[in-house]
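The values are calculated or read from the model by the stated rules, or taken from the named source; none is laboratory data. Bear in mind the structure is a predicted one, so any value in this text is a computation, not a measurement. We place every Cβ from the backbone using ideal geometry, glycine too, and count neighbours over all the protein chains shown. SASA here: full protein model, heavy atoms, side chains in, ligands and nucleic acids out. Shrake-Rupley method; radii C 1.70, N 1.55, O 1.52, S 1.80 Å.
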Amino acid sequence: MVFNRAYCQVPVCGASRASLMTGLRPTPTRFLNFKTYVDQDAQGARTLPQEFKDNGYYCISNGKIFHHKEDAAERSWSEPPWRPYLDHLIFLNPESITMVGGKGIRGPVFESADVPDNAYGDGMVADKTIKDLRKLEKEGKPFFLACGFSKPHLPFYAPKKYWDLYDPAEIIVADNQYKPINAPVALRGSGEINMYHNRNIEYNSDEWHRKLRHGYYACVSYVDAQIGRVIETLDELGLSENTIVILWGDHGWHLGEHNFWGKHNLMSLATNSPMIVTGPGIEAGQKCNRLVEFVDIYSSLCDLVGINYQNKELQGTSFKPLLSDPHLQWKEAVFFRFGPGDGVITDRYNYAEFNNGENMLYDLQN
């Protein structure tokens with residue numbers, strides 16, 4: 001089932017993951033930014049993998065799950081969390097080294113290297129996860145296997161064959177390359193894009209919009225291929241018959257709409273995130289347009305496997321009933337916060353209030 005209207009609680013990676021993995025909502029003092037540690041912001045909070053671990057599951061963390069590898073690690077995982085030795089910032093083309101330095105520039109904003117999938121970190125994560133699946137199948141233990149891919153996070157580095165899937169001339173760019181009319185001063189795009197070399201392309205020019213979208217699409221296709229490899233292994237080992245798979249991305253993303261690139265605001269494009277759930281008894285090919293939140297994932301997964309979770313502080317709602325009937329009456333609103341404000345989305349509207357007294361209300365249908 002594809003959940004078309006799933007929303008994160010904080011449109012930034014570290015805080016979003018902390019909220020999801022604890023089933024707790026952000027507050028003015030909790031889960032604030034990408035640097036978030038569960039062990040600092042919600043000391044002692046039971047984590048989602050901890051529930052599974054305490055119920056006899058073997059729990060493995062590959063790639064980026066919590067923002068900080070060591071965060072809540074001892075109580076959450078059955079073995080030390082693993083990450084590839086190459087992180088998402090590592091470029092492979094020799095000329096890319098010339099684009100580092102000066103005002104904190106980390107490297108080029110995009111790269112197309114003619115390399116195999118596992119030359120970049122996400123291919124290594126898929127390799128490790130496939131290896132673990134084969135080991136777990138032989139051991140016959142119930143398992144909770146978390147597999148964290150970095151892309152399509154900036155910078156847009158992906159093997160050349162994924163760039164070649166797209167014809168640059170056919171890439172459609174945003175048709176609203178302007179700030180919303182009467183938008184609050186506090187509403188802005190992410191500054192993260194400025195940490196990368198623009199490759200001498202004029203920012204927000206037509207060429208920029210096409211190149212950046214091309215890079216994002218290439219990264220999505222690259223990660224899609226890695227997910228495909230993992231799912232094929234599940235099928236090959238006969239594990240699909242009794243395994244629940246949930247695919248999620250930690251926040252939304254602007255792709256040039258309003259001339260914004262990235263997350264870090266209280267608009268629906270920054271907070272609406274991918275979520276797909278499959279497993280035994282879930283009819284294939286369904287879509288659900290009901291409002292759900294990432295804070296719901298903790299209780300939902302526990303309900304799906306029959307775990308009577310010990311965490312009584314959970315603030316989400318299990319969406320298990322929607323997997324049987326995606327048309328049930330459900331939540332009227334979802335909530336999120338970031339930096340200078342708080343936001344809410346209903347079936348039709350996106351509303352936010354900012355700490356400086358400004359507010360905004362947008363009709364998502366019009």
Mind checking which pairs have a first residue in the range 101-124 that is open to solvent by 30 Å² or more (accessible area, probe 1.4 Å) and a second that is of a type in the set (Val, Ile, Thr), Cβ under 7 Å, 6 or more apart or different chains? Arg106/Val100
Residue among Gly238, Gly215, Gly189 that is open to solvent by less than 40 Å² (accessible area, probe 1.4 Å) and within 23 Å of Gly63 (Cβ to Cβ): Gly215
Of all residues in the range 185-229, which are closer than 18 Å to Ile90 by Cβ and not aromatic (Phe, Trp, Tyr)? Glu192, Met195, His197, Arg199, Gly215, Ala218, Cys219, Val223, Gln226
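Which residue is most open to solvent (accessible area, probe 1.4 Å), if the candidates are limited to the range 297-338 and must be of a type in the set (D, E, K, R) and closer than 18 Å to Ile282 by Cα? Give the derivation first.
So in the range 297-338, the residues of a type in the set (D, E, K, R) come out as 303, 312-313, 320, 325, 331-332, 337.
After this cut, where a residue has to be closer than 18 Å to Ile282 by Cα as well, the list is 303, 320, 325.
Details: Asp303: 51, Lys320: 89, Asp325: 59 Å².
Looking at residues that are of a type in the set (D, E, K, R) and closer than 18 Å to Ile282 by Cα, I get Lys320.
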Which ones in the range 184-237 are in contact (Cβ under 8 Å) with a residue 40 or more places away in the chain, farther than 20 Å from Cys13 by Cβ and not in a helix (DSSP H, G or I)? Pro184, Val185, Ala186, Leu187, His197, Asn198, Arg199, Asn204, Leu237
Here are the criteria: (1) modelled with pLDDT of 95 or more; (2) open to solvent by less than 70 Å² (accessible area, probe 1.4 Å); (3) over 23 Å from the mean Cα position of the chain (by Cα). Tell me which single one Arg348 does not satisfy. (2)
Counted residues in the range 129-182 being open to solvent by 80 Å² or more (accessible area, probe 1.4 Å), in a loop (DSSP other than H, G, I, E, B) and either among the hydroxyl-bearing types (Ser, Thr, Tyr) or on the phi < 0 side of the Ramachandran plot (or both) come to 8
For residues in the range 287-296 being buried (at least 21 other Cβ atoms within 10 Å of the Cβ), touching a strand residue (DSSP E or B) at 6+ places or on another chain (Cβ under 6 Å) and not aliphatic (A, V, I, L, M), which is farthest from Met21 (Cα to Cα)? Cys288
Mind checking which residues of the range 20-36 are modelled with pLDDT of 95 or more and either among the basic types (Lys, Arg) or in contact with a Pro (Cβ under 9 Å, 6 or more places away or on another chain) (or both)? Met21, Arg25
Can you pull out every residue in the range 37-87 that is open to solvent by less than 50 Å² (accessible area, probe 1.4 Å), farther than 23 Å from Arg25 by Cβ and at pLDDT below 95? Leu86
Subset of the range 242-276, residues in a loop (DSSP other than H, G, I, E, B) and open to solvent by 30 Å² or more (accessible area, probe 1.4 Å), comes to Ile244, Trp253, His264, Pro274
